[in-house]
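Everything on this sheet refers to the single structure shown next.
The values are calculated or read from the model by the stated rules, or taken from the named source; none is laboratory data. Only a predicted model underlies this, so the values are computations on that prediction, with no experimental measurement involved. Neighbour counts run over all protein chains shown; Cβ positions are idealised from the backbone, glycine included. For the accessible areas, the whole protein counts, side chains as well, though only heavy atoms, and no ligand, DNA or RNA atoms are used. Shrake-Rupley method; radii C 1.70, N 1.55, O 1.52, S 1.80 Å.
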Amino acid sequence: MTNIFAFNIPFVSIFLMMITAIITPLVPDRNRLPEKLSCYAIGIVGVLSAYLLYALTNSGQSIAFNFAMGHYPAPWGNELRAGPLEAVLALVFSVSMLLSLLGNFSSTQEDIAPARRNIFCVLVNLLTAALLALTYTNDLFTAYVFIEINTIAACSIVAVKEGAETVRAALRYLVMSLVGSGLVMIAICLLYDLTGHLLMQNMHSAIQVLVVTKNYMMPLTVSLGLITVGLAIKSALYPFASWLPDAHGSSTNASSAILSGLVLKGHILTIIKIFCRVFGLEVIHALRMDTVIFILGVLSMIMGSVHALREKNVKRMIAWSSVAQVGYIFMAMGLNTTAGVAAACLHIIVHACVKPMLFTSAGGLSNAAGHKKGLHALMGTFYVNKWAGLGLIAGACSMMGVPAFAGFASKLSIMLASFDSQFVVWVIAALALSSVLNALYYVPAVIVIMTHNEDARRNFTASAPTKLYNFTMFMFLMLNFYLGLFCMPLLRLITRGVNVL
Amino acid sequence: MLEKLLLNHYEAAAVILSGIGLTNLLLQRNLIKKIIGLNIMDTAVYLFLAAKGYVEGRAAPILIQAEGGGWVTNPDVYVNPVPAGLVLTGIVVSVSVTAFALALTLRLYEHYGTLNIDEALMKMTEQQEDIEAKISQAEEDVLA
């Protein structure tokens with residue numbers, strides 16, 4: 001890697017977010033300066049990640065590199081690793097984070113007390129730093145530390161909105177997260193004990209030796225199981241997802257968008273890295289973990305939608321739909337092929353762009369209905385806030401998998417990836433059933449917001465949506481169509497990234 | 001089987017302790033007890049790491065002065081410093097998480113007057129039902 005500027009980007013972007021988190025509380029709290037500062041910092045990270053992606057795909061040389069922290073060589077030092085997949089995910093995470101903050105700029109002002117807005121910015125910056133670190137790190141214990149930072153920041157942005165309900169939701173989220181991270185920590189210690197390394201690639205070679213010589217297979221299976229379950233709890237796979245609707249449904253709109261779109265993805269990405277880089281897909285197959293996550297993924301796709309069907313509150317409905325979408329990602333990972341993992345990564349990107357759009361538009365619509373969150377209260381709100389209505393419709397189409405919308409691209413790639421696998425019938429059946437279930441709750445929501453309702457219209461007390469809100473929705477819609485219509489180059493890029501993960 | 005267990009008694013103790021901690025964290029209703037469970041689980045992991053990091057007859061990884069002057073640089077004299085580093089990092093993480101959980105517990109107690117998270121949910125539902133009942137009562141009054 002000759003381009004020294006691109007070489008330093010992974011470290012610089014994590015460090016920039018950390019520094020911003022530290023200086024945000026010192027910035028005077030006038031004109032919402034701390035929030036603007038955070039947005040600029042996230043924007044800079046986005047630009048840097050885009051440049052890194054450009055440099056990695058155009059260098060023509062080796063397309064992934066290791067960055068030794070403090071210049072200590074491999075088995076001893078701490079490392080970051082960046083390839084096309086990491087760069088593209090860092091770009092998507094920062095863009096989605098930025099849009100989530102911008103779109104909910106005014107609702108954040110209403111929901112969070114002025115004295116707490118500084119703290120909210122600190123938490124968002126820390127969360128971005130943790131996500132970037134989870135994306136780039138090549139060291140399993142560093143990953144654990146950032147998983148914990150992610151947990152604290154994520155629970156705090158639920159509790160930052162004043163109220164009894166959010167405190168309860170945050171505590172519930174925290175307890176489940178702590179169970180998850182406890183299991184992850186035990187598993188990492190077991191793995192360190194078995195392999196003698198914490199760097200992922202060194203662990204990989206040690207695990208290969210163990211598997212070939214058939215030594216310590218039982219502890220290896222236990223640690224893989226613990227780490228998968230631990231991270232699955234944190235990424236809200238179905239049997240472990242009971243905390244999610246409370247946390248995502250009760251928090252402020254910006255927090256819901258960030259939690260659903262990004263925080264879950266950081267943990268899923270960690271599982272992908274552990275599967276591909278630490279264990280290797282053959283070992284995962286030999287230990288049967290691919291079947292386990294495939295079954296859990298399918299279960300999550302169905303049950304997430306079934307729970308969403310029963311919800312009357314629009315934000316809780318969208319939150320349960322996240323559980324279903326996480327199921328898609330795990331199902332694609334369970335195919336245990338490079339194409340399957342690439343499809344899972346594409347769905348991560350799609351969901352990271354669509355879910356913040358859905359939460360932002362749901363926030364805009366319930367604002368138009370006078371802060372009511374029940375689905376029926378939103379009747380006719382499409383005509384009050386058109387951009388929010390369009391966002392909800394596009395998001396619903398995307399979740400159902402209507403062609404030309406983002407969700408179609410990832411569903412198609414999951415299906416294409418399944419053709420080489422033994423599970424092909426199951427994948428097609430699960431995708432079909434889940435799409436129908438998605439339609440069963442998204443279509444009524446769209447019908448409700450588009451139903452003319454003259455009585456309610458006169459009673460709407462909302463302030464008009466700001467220009468910033470409309471601009472953000474426009475950007476979200478453009479992203480959605482871009483992913484839906486031109487996903488093939490992106491998929492090829494991701495496949496290259498997965499190959500060098 | 002029993003021989004192996006006796007040979008690895010530190011690890012066996014760590015596994016039992018972490019099981020106790022995890023069960024408490026999951027099943028206790030009282031939040032303070034949950035947090036104590038969390039700490040037991042974390043401490044069990046530190047015990048495991050400390051037991052694994054200790055090699056009999058080796059010194060702590062701080063340079064020892066050799067008899068003829070100079071330092072002993074042979075790595076076989078010292079234990080691996082990484083497990084101790086992991087324990088330290090783990091303690092820092094566990095302290096901050098515990099502090100955060102206790103702070104949230106305090107807020108929950110201020111809002112609901114209980115440390116039980118299920119009871120808090122019941123109280124919240126009751127409050128909401130009260131409010132809804134009052135609203136419908138008011139609407140009926142207006143109509144009458």
Legend entry - Matching option when the condition is facing chain B (nearest Cβ under 10 Å), touching a residue at least 24 places away in the same chain (Cβ under 8 Å) and over 13 Å from A:PHE141 (Cβ atoms), among A:LEU183, A:LEU190, A:LEU174: A:LEU183
Legend entry - Subset of the range A:24-64 (residues that are over 21 Å from A:PHE93 (Cβ atoms) and either touching a residue at least 12 places away in the same chain (Cβ under 8 Å) or outside any helix (DSSP H, G or I) (or both)): A:PRO25, A:VAL27, A:PRO28, A:ASP29, A:ARG30, A:ASN31, A:ARG32, A:SER59, A:GLY60, A:GLN61, A:SER62
Inset, instruction - Starting from the range A:122-148, take each residue that is open to solvent by 10 Å² or more (accessible area, probe 1.4 Å) and list its partners that are acidic (Asp, Glu) and at pLDDT below 95, counting only C-beta distances under 7 angstrom and pairs at least six apart or across chains. - result: A:ASP139/A:GLU79
Inset, instruction - From (1) open to solvent by 70 Å² or more (accessible area, probe 1.4 Å); (2) more than 11 Å from chain A (Cβ to nearest Cβ), pick out the condition that doesn't hold for B:VAL15. - result: (2)
Inset, instruction - Could you pull out every one of the helices (runs of 4 or more DSSP H) wholly within the range A:159-262 that has 1 or more residues that are among the small types (Gly, Ala, Ser) and farther than 29 Å from A:ASN78 by Cα? - result: A:164-195, A:244-250, A:253-258
Inset, instruction - Taking A:LEU296 as the residue in question, decide whether it is open to solvent by 30 Å² or more (accessible area, probe 1.4 Å), modelled with pLDDT of 90 or more and among the aliphatic types (A, V, I, L, M). - result: yes
Inset, instruction - Please give the helices (runs of 4 or more DSSP H) falling wholly within the range A:305-422 in which 1 or more residues are in contact (Cβ under 8 Å) with a residue 24 or more places away in the chain and within 30 Å of A:ALA286 (Cβ to Cβ). - result: A:314-334, A:338-368, A:406-418
Inset, instruction - Return yes or no: is A:PRO84 open to solvent by less than 30 Å² (accessible area, probe 1.4 Å), in contact (Cβ under 8 Å) with a residue 40 or more places away in the chain, closer than 25 Å to A:LEU123 by Cα and under 25 Å from the mean Cα position of the chain (by Cα)? - result: no
Inset, instruction - Quickly run through the range A:234-249 and pick out the residues that are open to solvent by 10 Å² or more (accessible area, probe 1.4 Å) and either farther than 10 Å from A:ALA319 by Cβ or polar (S, T, N, Q) (or both). - result: A:TYR238, A:PRO239, A:PHE240, A:SER242
Legend entry - Exclusive hit being farther than 30 Å from A:GLY103 by Cα, touching a helix residue (DSSP H, G or I) at 6+ places or on another chain (Cβ under 9 Å) and more than 13 Å from chain B (Cβ to nearest Cβ), set A:LEU262, A:LEU237, A:LEU281, A:LEU226: A:LEU281
Legend entry - Top-ranked residue in the range A:149-159 [being more than 7 Å from chain B (Cβ to nearest Cβ) and open to solvent by 10 Å² or more (accessible area, probe 1.4 Å); ranked as nearest to A:SER250 (Cα to Cα)]: A:SER156
Legend entry - Within the range B:18-29, considering residues that are more than 8 Å from chain A (Cβ to nearest Cβ) and surrounded by 13 or more Cβ atoms within 10 Å (Cβ to Cβ), the one nearest to A:PHE141 (Cα to Cα): B:GLY19
Inset, instruction - Look at A:PHE279 and say whether it is buried (at least 19 other Cβ atoms within 10 Å of the Cβ) and farther than 16 Å from A:VAL498 by Cβ. - result: no
Legend entry - Which listed residue, of A:PHE65, A:PHE93, A:PHE7, is within 21 Å of the chain's Cα centre (by Cα) and on the phi < 0 side of the Ramachandran plot: A:PHE93
Legend entry - Search result, residues across the range A:245-283 that are in contact with a Gly (Cβ under 9 Å, 6 or more places away or on another chain) and farther than 27 Å from A:LEU199 by Cβ: A:SER250, A:THR252, A:ASN253, A:ALA254, A:SER256, A:ALA257
